[in-house]
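Data first, discussion second: the structure below is written as structure tokens.
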């Protein structure tokens, strides 16, 4: 199945049935932990099978503006370092894990732990490190997962749900441009040639097979729909520049958009992988940007 078609069936689930998932699905999930962690350093997934215990500890603290999501199980994302590369990698692999949950017909929802006191986080992970996010997951309460609603910053979008850690439910476009007014930036606003601010010709993107890739990528979820990512096409390389990289939320968005971009690129015949990059700040349009990754095409 094409990845963008798979995304059309995805949604962020806020209400779960109380029963635990089957032993078979739990085993598959634990096996996936091991598979993902074999590629990672400084990042670990922690499975909390006793959802009620976690909910009681985080109620009023974690979630959406202090509204904790109640679920039978949770997955914590523990990181040993809070540096830029680790934050980007952790959100990339968390999205990958969410995809695996969806394959098991399990719903999930990001939970922000940014305002949870450190002492509570320390008790949860019981070892060195920190945890900025976790996922609530389980069997969705609603049988139909294709419900579409508008949300903050996305009114009148012709979209379907994506999982996000956001305060709003980000949605995914179907198979082509919407006839309704879109709150998303146009391709011309997020894709540039050789440097930020230098426009790229749409015919050039089309001839190189990149127009469809960027069309779908611009619908990737971002914190409060800020869309902090910009792409620079130069020869056979695409650079990812992030707005205000000192904001950790924007680095999280970088990892998420990298995951969606890479999966959709593969479907379109591009076999490249993102490589993280350390670079100097770039001033553009009275804002500060930084190139954090590069993709060879």
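Nothing in this text is a laboratory measurement; each read-out follows from the coordinates by a stated rule. Computed from a prediction, not measured in an experiment: that's the story for all the values here. Positions of Cβ are generated from backbone atoms using ideal geometry, with glycine treated the same way; all protein chains shown enter the neighbour counts.
Below is a table of values for the structure above.
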read-out: Using a Förster distance of 35 Å, the FRET efficiency for residue 82-residue 104 (Cβ separation, nearest 0.05); value: 0.70
read-out: Cut-off 19 Å, label 7 Å out along Cα→Cβ of residue 127, residues of segment 29-56 by amide N; value: 30-50
read-out: Segment 210-297, relative contact order in percent, only Cα pairs under 8 angstrom and at least six apart counted; value: 32
read-out: Antiparallel bridge percentage (DSSP; both residues within segment 3-138; nearest 5); value: 95
read-out: Residues residue 244 and residue 27, FRET efficiency given R0 of 35 Å [Cβ-Cβ distance, rounded to 0.05]; value: 0.25
read-out: Global size of segment 184-296 as Cα Rg and Dmax, reported in angstrom; value: 12.9, 36
read-out: Residue 194 paired with residue 296, simple spin-label distance in nm, labels 7 Å along Cα-to-beta-carbon; value: 2.3
read-out: Calculated P(r) of segment 17-119 - Cα pairs past 21 Å, %; value: 37
read-out: Neighbour-count ranking [beta-carbon atoms within 10 angstrom, fewest first] of 233, 115; value: 115, 233
read-out: Cα→Cβ-extended label distance, 7 Å offset, between residue 186 and residue 206, nm; value: 1.4
read-out: Shape of segment 22-78, Cα gyration tensor, a/c cut at 1.5; value: oblate
read-out: Chain lengthening between residue 235 and residue 19 when straightened (0.36 nm per residue, less Cα-Cα); value: 72.5 nm
